[in-house]
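The values are calculated or read from the model by the stated rules, or taken from the named source; none is laboratory data. Model, not experiment: these values are computed from the prediction. Using ideal geometry, Cβ is built from the backbone for each residue, glycine included, and neighbour counts are taken over all protein chains shown.
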Amino acid sequence: MDNLALSMGNALLGNPDHAAGIEVQTFPMRLTTTQPHLVAVTGAASAFLDGTPLPPCWVMRLEPGQDLVLKRPTTGARSYITVAGGIDVPLVLGSRASDLRNGLGGHEGRDLRDGDLLPVGPAPHSTGAQDFGAQPPDETLAFTSASDFLDIRVVPGPEHGVFTAAAQAAFWQDDWLVSTMADRMGMRLSGEKLTLAQPTELRSGGILPGVVQVPPSGDPLIQLRDANSAGGYPRLGVVIQADMWRAGQARPGTRIRFHRVTTAQAIAARNEQRDLVAALRRDVARYAELPGFTR
């Protein structure tokens, strides 16, 4: 759900981008290990190592007998744990992700349970630095969110023009409340009811994560990581790829504001995010070579 947090965790450890980690959205969570491992905690984390609070986006060495505990974060919805070498679950259809709806991939195709033991792959040779971290992305990316709202950039969708002028204005100008009807598939928002200029019959068409649909209720719905592949509701907009991590951290009660951008601006934001992760990888590689770091 927060792909940037997972990418940053892997970059901090020298893992490849596709290495599997653990997404935590039920708190508290306690993790122990049978062998020493370098571990990074990213995302909306409130992490403690043997009771000592850890900074955000932090790398530590987890020794056998130590407890890493993640408590419910004050802001955001999900924390991420990455391990040097990655969680070594089998590839299914080219991915190590868990498809919980269909019971595929990940660890036996299900949520983790108390007592599960996860295998870890070989640690990358560049790994060695510990007890360091990175600035959270909201402190380094050019586009940041206001304190009272979650700001998300959107490109107008294919059916933007079929809505009334008032509905279009409300979508861009009003703030929207994340309802309790939110999961990995989608997130329904509450606010002004959005109406069509005239009754319109649409054929089902392809959709993907980020598409903002408006069902007959008039409440916009953002398709998230486990989005449907097709649907017939009008597509008012599309959350840009670079802001999907922000949507993934929105929990019920969050207020969202949409910002209209162009395709060129969306591509520039995606490139900025890629550059951030690439720069983090370079910095970690340099830090690992400095004297004083444990290998």
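Which residues, counting only those in segment 64-74, are surrounded by 13 or more Cβ atoms within 10 Å (Cβ to Cβ) and either without any contact (Cβ under 8 Å) to a residue 12 or more places away in the chain or among the polar types (S, T, N, Q) (or both)?
Answer for segment 64-74, where residues must be surrounded by 13 or more Cβ atoms within 10 Å (Cβ to Cβ) and either without any contact (Cβ under 8 Å) to a residue 12 or more places away in the chain or among the polar types (S, T, N, Q) (or both): just Gln66.
Taking the residues in segment 30-49 that are out of contact with any Gly (no Cβ under 7 Å at 6 or more places or on another chain) and in a loop (DSSP other than H, G, I, E, B) as candidates, determine which candidate is surrounded by the most Cβ atoms within 10 Å (Cβ to Cβ).
That would be Ala45.
If you take the residues in segment 158-192 that are under 21 Å from the mean Cα position of the chain (by Cα), in a strand (DSSP E or B) and of a type outside the set (Gly, Ala, Ser), which one is surrounded by the fewest Cβ atoms within 10 Å (Cβ to Cβ)?
Thr180
Given the residues Thr74, Thr144, which is the only one that is in a loop (DSSP other than H, G, I, E, B), in contact with a helix residue (DSSP H, G or I) (Cβ under 7 Å, 6 or more places away or on another chain) and not small (Gly, Ala, Ser)?
After ruling out the rest, the residue left standing is Thr144.
Of the residues Leu100, Leu117, only one is aliphatic (A, V, I, L, M), outside the structural domain of Ile222 (by TED's automatic domain parsing) and loosely packed, with under 14 Cβ neighbours inside 10 Å; which?
On inspection, the qualifying residue turns out to be Leu117.
Which of the following residues is surrounded by 18 or more Cβ atoms within 10 Å (Cβ to Cβ) and among the basic types (Lys, Arg): Arg78, Arg61?
Arg78
Do we have Phe143 as under 21 Å from Gly237 (Cα atoms) and in contact (Cβ under 8 Å) with a residue 24 or more places away in the chain here?
The answer is yes for Phe143.
Just the residues that are exposed (fewer than 15 other Cβ atoms within 10 Å of the Cβ) and in contact with a strand residue (DSSP E or B) (Cβ under 7 Å, 6 or more places away or on another chain), please, taken from segment 120-139.
Of everything in segment 120-139, just one residue is exposed (fewer than 15 other Cβ atoms within 10 Å of the Cβ) and in contact with a strand residue (DSSP E or B) (Cβ under 7 Å, 6 or more places away or on another chain), namely Asp131.
When only residues in segment 252-287 that are of a type in the set (Lys, Arg) and within 13 Å of Leu13 (Cα to Cα) count, which is modelled with the lowest pLDDT?
Filtering first and then ranking leaves Arg286.
Any chance you could count how many residues in segment 193-225 are in a loop (DSSP other than H, G, I, E, B) and surrounded by fewer than 17 Cβ atoms within 10 Å (Cβ to Cβ)?
15
If the requirement is being over 30 Å from Asp148 (Cβ atoms), touching a residue at least 60 places away in the same chain (Cβ under 8 Å) and acidic (Asp, Glu), which of these qualifies: Asp50, Asp88?
Matching residue, one of Asp50, Asp88: Asp88.
Which one is surrounded by the most Cβ atoms within 10 Å (Cβ to Cβ), of the residues in segment 1-14 that are modelled with pLDDT of 95 or more and not in a helix (DSSP H, G or I)?
Here the residue is Asp2.
Looking at segment 226-259 only, could you name the residues that are in a strand (DSSP E or B) and crowded, with 21+ Cβ neighbours inside 10 Å?
Selection gives Arg235, Leu236, Gly237, Val238, Val239, Ile256, Phe258.
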